[in-house]
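The values are calculated or read from the model by the stated rules, or taken from the named source; none is laboratory data. The model shown is predicted, which means the values in this text are computed figures rather than measured ones. Glycine gets a Cβ as well: all are built from the backbone with ideal geometry, and neighbour counts include every protein chain shown.
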Amino acid sequence: MGKVVIIMGSKSDVEHCKKVSKTLERFGVECVLRIASAHEVPFKVLEIIKGCEKEEVVFITVAGRSNALSGFVDANTIKPVIACPPYSDKFAGADIFSSLRMPSGVCPMVVLEPEQVALAAVKILTLSDEKLQEKIREYQEEKRKEIERNDKETIQDG
C-alpha cells in the first residue's frame, strides 16, 4: 500500500494538515507530516522528496501566501503532487492564485478542502490497490445513503 506525505510550509499549517490526515486514517492510508519551506529550507524539501522517490507515494503540499512549495515539490519529483493551500482571509483569499498559476512544465493539482484532498490522494493510490478501491466504493455508498436519508427526512418534515 502506498502512503501520503504531507509537506507543510510552517507549523501554522498543522491544524489544516490534521484534517487531511484524519480522512486518510479512515481509509487506513499511512500519512507522514513534515514541515519544510521551499523559500527557507529548499534543501530540506529536496531531502524529503528524495527520501520517498522509491516508494508509492502521493505528496500533498500545504502552504499559503506565496506558495512556492507546491511547484518546487512537483518540479523535483515524478510522483503526484496535490496542493491544498489553507484559506486565508488576508488579501480576500487572493493568495490562492500562487497555487493555481504555475510555470510551464510544473503541474501540481489543486484541491482546496482537506477532506477532498485526502480523497484525491486515496483515489490515486487505488490505481494499484484493490483494497483501497473497495474502501472508496464503500465510502461513496455511505455518502449516497446519507443523501437518501436526508431527502426522506426533508420530505417527511416538509
* Within the stretch 48-69, which residues are over 16 Å from the mean Cα position of the chain (by Cα), assigned to a loop (DSSP other than H, G, I, E, B) and exposed (fewer than 15 other Cβ atoms within 10 Å of the Cβ)? -> 53, 54, 55, 66
* Asked: Looking at 112, 119, which is the one that is outside any helix (DSSP H, G or I), within 11 Å of the chain's Cα centre (by Cα) and more than 17 Å from residue 37 (Cβ to Cβ)?
  -> 112
* Asked: Here is a list of conditions, (1) of a type outside the set (D, E, K, R); (2) under 20 Å from residue 18 (Cα atoms); (3) without any contact (Cβ under 8 Å) to a residue 12 or more places away in the chain, and residue 126 meets all of them except one; can you say which number that is?
  -> (2)
* Structure fact -> Selection from the stretch 1-28 of residues in contact with a strand residue (DSSP E or B) (Cβ under 8 Å, 6 or more places away or on another chain), crowded, with 17+ Cβ neighbours inside 10 Å and of a type in the set (S, T, N, Q) yields 21
* Go through the stretch 122-134 and count every residue that is in a loop (DSSP other than H, G, I, E, B) and among the hydrophobic types (A, V, I, L, M, F, W, C). => 0
* Structure fact -> Of 43, 72, the only residue that is part of a helix (DSSP H, G or I) and either among the hydroxyl-bearing types (Ser, Thr, Tyr) or under 18 Å from residue 6 (Cβ atoms) (or both) is 72
* Only one of these is among the hydrophobic types (A, V, I, L, M, F, W, C) and at pLDDT below 95: 124, 96. Name it. => 96
* Identify the residue in the stretch 29-43 that is touching a residue at least 12 places away in the same chain (Cβ under 8 Å) and of a type in the set (Val, Ile, Thr) and, among all such residues, is surrounded by the fewest Cβ atoms within 10 Å (Cβ to Cβ). => 32
